[in-house]
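Each remark here refers to the structure printed beneath this line.
All of the numbers you see were taken from the coordinates with simple rules; none came from a lab. If you're wondering where the values come from, they're calculated on a predicted model, not measured in any experiment. Reconstructed Cβ throughout: ideal geometry from the backbone, glycine too, with neighbour counts over all protein chains shown.
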There are 2 protein chains.
Amino acid sequence: MDTITLKGPYLIFLGRETRQAFAKTGLGLVEWRRDLCLGQLRLPGGIADLGVPDMTLGEAVKRGVGSLVIGTAAIGGKVPDEWVAVLLEAAGLGLDIVAGLHSSLSAVEGLPEAAEESGARLVNVRIPPVHLPVGSGKKRSGKRVLMVGTDCAVGKKYTALQLEKDMKAQGLNATFRASGQTGIMIAGSGIPIDAVVSDFVVGAAELLSPANAEDHWDVIEGQGGIFHPAYAPVSLGLLLGSQPDAFVVCHDAGRETISGWEHMPVPEISQVIDRTVALGSLTNPAIECVGISVNTAHLSDDERAAYLDDLSRRHGLPCVDPLKNGTGSIIARLTTLNEKQSASA
Amino acid sequence: MDTITLKGPYLIFLGRETRQAFAKTGLGLVEWRRDLCLGQLRLPGGIADLGVPDMTLGEAVKRGVGSLVIGTAAIGGKVPDEWVAVLLEAAGLGLDIVAGLHSSLSAVEGLPEAAEESGARLVNVRIPPVHLPVGSGKKRSGKRVLMVGTDCAVGKKYTALQLEKDMKAQGLNATFRASGQTGIMIAGSGIPIDAVVSDFVVGAAELLSPANAEDHWDVIEGQGGIFHPAYAPVSLGLLLGSQPDAFVVCHDAGRETISGWEHMPVPEISQVIDRTVALGSLTNPAIECVGISVNTAHLSDDERAAYLDDLSRRHGLPCVDPLKNGTGSIIARLTTLNEKQSASA
């Protein structure tokens, strides 16, 4: 039993993409794992640009690339016809093909055969590993901090990645753990928690952040939201299996209703904190909120400062927009937590 | 999109089963749906007995049987060799084969072909329907009462079935809704909620108890437990999707630790009530506990009466062992609830 594990480094495939916004996955990879991205491969007419060297499949093989990663969204989730020749050649050369497509790579004619012959893998990061365990509820060594959201798409992945980066910059021992498809490509491993059968979702989350050194922090990407009318079970499974010592509430300052469920209000941050502590204490009674991360893209600088100050005063917690402020104040709180727990041990 | 739907009536297949206890599924079917069970089919040497007429496949077809239902546990979950001839003949005659086996009926040589030729289906009640929706969180018409447990295997299915039976006996409009494999065979339809991908578990639960007449009660089989270290996400999904107006807490009087997770205590009944109200109010703010159903098999008659009286006094709720007391006092409470809500409407 293991998580999905990708073979690096990557060559990122953008097809004939012309719109920068649709190359979001590729841009995320380059932003967070520049060293893992040796180059980009674009078809004639493709002008979206990740700012990394253009590279042929032949060069990629010479440079030791492990995977061709699809870095753009395919319209309708289907593999476009003009991609097929590249995918076949890449698989023939022994490169793994990595995608988060709704349609299956195995449905591309000749691709499974080409991959099998060369020993390459067709990896869909939306598909969880088989033979996942059920949750054990048993405590593991090491420390964990989980992102929890007031809704989907509020910056949970971004916050976790920024936190990992800032912790590493301070010399702390930290690992980003991916629970969704883009995160898995960035981390090079992970489990798409929302695609796991509900009986095994806690067990999958336990597998995602295995036992580790006592001073090691897993920084775990969150999913959904505990007040989400459809995805709360995913969030609960991730919470129970992660057994987090700490969590960060992620919120979008402009959001008033659950995205896509406009008849449901976004919960109060205090409700999310209380509920997360109540539910999470089943597998880690020491669970504690260490900060609030807010997407304040729609606020002016003045408004942002006032908003975060007010939030911080009301909750007695560090509140940041990680894009603007970094996560230093949250890390300071995490460190205190570490000392407090060591002192009480 | 629909639930699993079985074709009745049933012929129950017991193979060469000699141990009554292993024919549990068949016994449950006969206990709760005697009219649906036209007969049993036993192989030479099989002495387990459901107390219904022995019947050949030929007779079954003449009598209009729709499905051959596997009513006994196969050792290791694999189809025994001596069953194969019967299954092939049944499928050839156009009978659906219904099982909850871990192994697949399609793996039995020749069986998929025999079924396809006659138009019969091979139905594994452990496999959820495809194309389930995500939860909507939108209120549906009709009333719902959900069984929730302090643990797995505490009598949630039994309580729901007894409640349905007693409600019908009082002339109330009630339907048992099955969320697990044995329940699905008994109800003739349902969804194995624990086998649903976590993103869709709320949506599956919504589908399980669709909009209905305002005076109609869905009596919904529970799964897992909201304090269960592995299965709580299943329970939460079922709770959010069922949007229950009422719930019954099911408990085993002898249980002190979570079965199979002996390092975790069984929660207090009051904790289960409070947590269920807190979580369930997201999709139905009127949710209310209407009773406690206890398996008191290990208590003497005197002990039972004292235990249930004490519980009832402490919680201010009807407390019964449905096997001993029926569910009349819980139904009385449900009825009050109905009047209260009508009055406030």
message: Show me the GluC sites (Glu not before Pro) within the stretch A:178-227 that DSSP assigns to loop and that have at most 15 other Cβ atoms within 10 Å of their Cβ.
response: A:Glu214
query: Between A:Glu288 and residues 5 or more places away or on another chain, which pairs have amide H atoms under 5 Å apart, with H built 1.01 Å from N, and which residues are they?
result: A:Ala246, A:Phe247
- prompt: What does the stretch A:58-189 give for Rg and for Dmax, in Å, if only its C-alpha atoms count?
  reply: 17.9, 50
message: From the phi angles alone, apply the Karplus equation (6.51, -1.76, 1.60; θ = phi - 60°) to the stretch B:121-137 and give each ³J(HN,Hα) in whole Hz, x where the residue is Gly or Pro.
response: 10, 9, 10, 9, 6, 7, 9, x, x, 7, 6, 6, x, 7, x, 9, x
task: For the protein assembly as shown, give the magnitude of the charge dipole about the Cα centre (Cβ charges: +1 Lys/Arg, -1 Asp/Glu; no others), in debye to the nearest 20.
output: 420 debye
field: Sequence-distant aspartates and glutamates (8 or more away, or on other chains) whose Cα lies within less than 16 Å of B:Lys62
entry: B:Asp54, B:Glu89, B:Asp96
message: Defining the label point at 7 Å along Cα→Cβ, can you sort the distances from B:Gly45 to the same site in each other copy, shortest first, in nm?
response: 6.9
query: Where Rh is the Kirkwood radius over the Cα pairs of the stretch B:4-124, the temperature 25 °C and the viscosity 0.890 mPa s, what D in µm²/s does Stokes-Einstein return?
result: 176 µm²/s
message: How large are Rg and Dmax for the protein assembly as shown when calculated on the C-alpha trace, in angstrom?
response: 27.6, 85
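Give me the inter-chain shielding for A:190-200: mean count of other chain Cβ atoms within 10 Å, whole number please. Spell out each step's value before the answer.
On the way: counts 0, 0, 1, 2, 4, 4, 4, 9, 22, 13, 8.
That average works out to 6.
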- request: List the extent of the Cα atoms of the stretch B:176-240 along each of their three principal axes, largest first, rounded to whole Å.
  value: 36, 24, 19
field: Reciprocal mean inverse distance between Cα atoms of the stretch A:124-179 - Kirkwood radius, Å
entry: 13.9 Å
query: For the stretch B:122-230, what is the convex hull volume of its Cα atoms per residue in Å³?
result: 111 Å³
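Roughly what % of DSSP beta bridges within chain B run antiparallel, to the nearest 5? Before the final figure, lay out each step's value.
Numbers: 4 of 43 bridges.
Antiparallel bridges make up about 10 percent of those DSSP assigns within chain B.
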message: How far, in nm to one decimal, is B:Gly316 from itself in the other copies if the label point is set 7 angstrom along Cα toward Cβ? Shortest first, please.
response: 3.1
Per-residue [θ]222 nm for chain A (sum of -39500 (n - 2.57) over DSSP H runs n ≥ 4, rounded to 500): -10000 deg cm²/dmol
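Between the DSSP loop rule and a limit of at most 12 other Cβ atoms within 10 Å, which chymotrypsin sites (Phe, Trp or Tyr not before Pro) in the stretch B:214-309 are left? Display every interim value, and only then the final one.
Values: sites: B:Trp217, B:Phe227, B:Tyr231, B:Phe247, B:Trp261, B:Tyr307; in loops: B:Phe227, B:Tyr231.
Within the stretch B:214-309, no chymotrypsin sites (Phe, Trp or Tyr not before Pro) qualify (loop, at most 12 other Cβ atoms within 10 Å).
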Candidate lysines for bridging to A:Lys340, where Cα separation is under 23 Å - those fewer than 8 sequence places away on the same chain excluded: A:Lys138, A:Lys139, A:Lys143, A:Lys168
query: For the stretch B:21-125, with only Lys/Arg (+1) and Asp/Glu (-1) charged at the beta-carbon, what is the dipole magnitude about the Cα centre, in debye rounded to 20?
result: 380 debye
- line: Computed from every Cα-Cα pair in the stretch B:143-344, P(r) in 10 Å bins starting at 0 and rounded to whole percents is 9, 39, 39, 12, 1
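Kindly rank A:290-298, A:115-123, B:79-87 from highest to lowest mean number of other beta carbons found within 10 Å of each residue.
Final packing ranking: A:290-298, A:115-123, B:79-87.
Across peptide A:320-330, how many C-beta atoms of other chains are within 10 Å of each residue C-beta, on average?
Working: counts 0, 0, 0, 0, 0, 0, 0, 0, 0, 0, 0.
Taking all residues of A:320-330 together, the mean is 0.
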- request: Treating only the Cβ atoms of Lys and Arg (+1) and Asp and Glu (-1) as charged, compute the dipole magnitude of the stretch A:197-306 about its Cα centre; round to the nearest 20 debye.
  value: 280 debye
task: Summarise the partner chain shielding of A:254-261 as one whole number: the mean count of Cβ atoms from other chains within 10 Å of each residue's Cβ.
output: 1
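Using 0.36 nm per residue of separation minus the Cα-Cα distance, give me the extension gain between B:Asp2 and B:Asp35 in nm, one decimal.
Stretched out fully, the B:Asp2 to B:Asp35 stretch lengthens by 9.4 nm.
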- request: State, to one decimal in nm and shortest first, how far the label point of A:Glu59 sits from each corresponding label point in the other identical copies (label point: 7 angstrom along Cα-to-Cβ).
  value: 7.9
